[in-house]
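Below: the structure, in structure tokens.
The values are calculated or read from the model by the stated rules, or taken from the named source; none is laboratory data. Source: prediction; values computed, not measured. A quick note on method: Cβ atoms are made from the backbone with ideal geometry, for glycine too, and the neighbour counts reach across all protein chains shown. These accessible areas exclude ligands, DNA and RNA; they are computed on the full protein's heavy atoms, side chains included. Shrake-Rupley method; radii C 1.70, N 1.55, O 1.52, S 1.80 Å.
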Amino acid sequence: PNLTGISIITNPDKMTYKLGQFFDTTGMVVTASFDNGTSKPVNGYTYSPAGALGKNDTTITISYTKGGITKTTTLTIVVAYLVSISITTPPTYTEYYEGDNFNKYGMVVTANYSNNSTAVLDESAYTVTPTSLVCADTYVTISYTEQGITATTTQAVTVTYYPYDYTKS
């Protein structure tokens, strides 16, 4: 029998990926159809892209060849990538004296992705600048980088001069 087409009977377990991940065929069932009216599940298929998934990858092309005849089908996937970060809970402390270091305590920073999903970031995942505050600082900048994409947001702070009497030390 000659190959007339292929189809995906069962989607893979994973349909949403983060930027830079690789397509995973686990759970996917591909069936080949033949000109004698029969069909059967097949394993010797290939897919592309086979490398790391990028922002523009929205489909995976599945190909199967039998008897010199190649048939293809496509599978729609989602590649989620970082679009922004936000402060979902402000820090406990927003008022400082000049020379104090910014304190992350209580602050919750959330990563926002292209597929509308979110993830709360561990406080070690992002950076805050400046760390040592001066009176001119009215905000700190929070930065997070994932797969080469950097997102930033700001947190307002109030910094006042701390009058220290050097004659009493």
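Computed from backbone phi with θ = phi - 60° and the Karplus coefficients 6.51, -1.76 and 1.60, the 3J(HN,Hα) list for region 149-163 is 9, 10, 10, 9, 8, 10, 10, 5, 9, 10, 10, 10, 6, 9, x Hz; x is used for glycine and proline. List the pairs from 18/66; 18/104; 14/71; 14/66 whose alpha-carbon separation is above 29 Å, in the order I gave them. Listed pairs above 29 Å: 18/66. Compared with the rule-of-thumb size 2.2 N^0.38 Å for a compact globular protein, region 26-169 has a Cα radius of gyration ratio of 1.84. FRET efficiency for the residue 139 to residue 46 pair, using the beta carbon distance and R₀ = 41 Å, is estimated at 0.20. Counting only protein chain heavy atoms and rolling a 1.4 Å probe, the accessible areas of 137, 13, 100, 122 rank, largest first, as 13, 122, 100, 137. Go through 68, 47, 82 and say which Cα lies farthest out towards the positive end of the charge dipole of region 26-169; charges sit on Cβ, +1 for Lys and Arg, -1 for Asp and Glu. Comparing the listed Cα positions along the dipole, 68 ranks first. For region 86-117, the set of chymotrypsin sites (Phe, Trp or Tyr not before Pro) satisfying both a DSSP loop assignment and a count of at most 16 other C-beta atoms within 10 Å is given as 93, 105. Using the Cβ-Cβ distance between residue 115 and residue 70 with R0 set to 35 Å, the FRET efficiency from 1/(1 + (r/R0)^6) comes to roughly 0.65.
Most simply put, the chain has about 90% antiparallel DSSP beta bridges, counting only bridges with both residues inside it.
Close amide-amide hydrogen proximity is noted between residue 98 and 160, 161, 162, each under 5 Å apart and 5 or more residues distant or on a separate chain (H modeled in the peptide plane; Pro and chain starts excluded).
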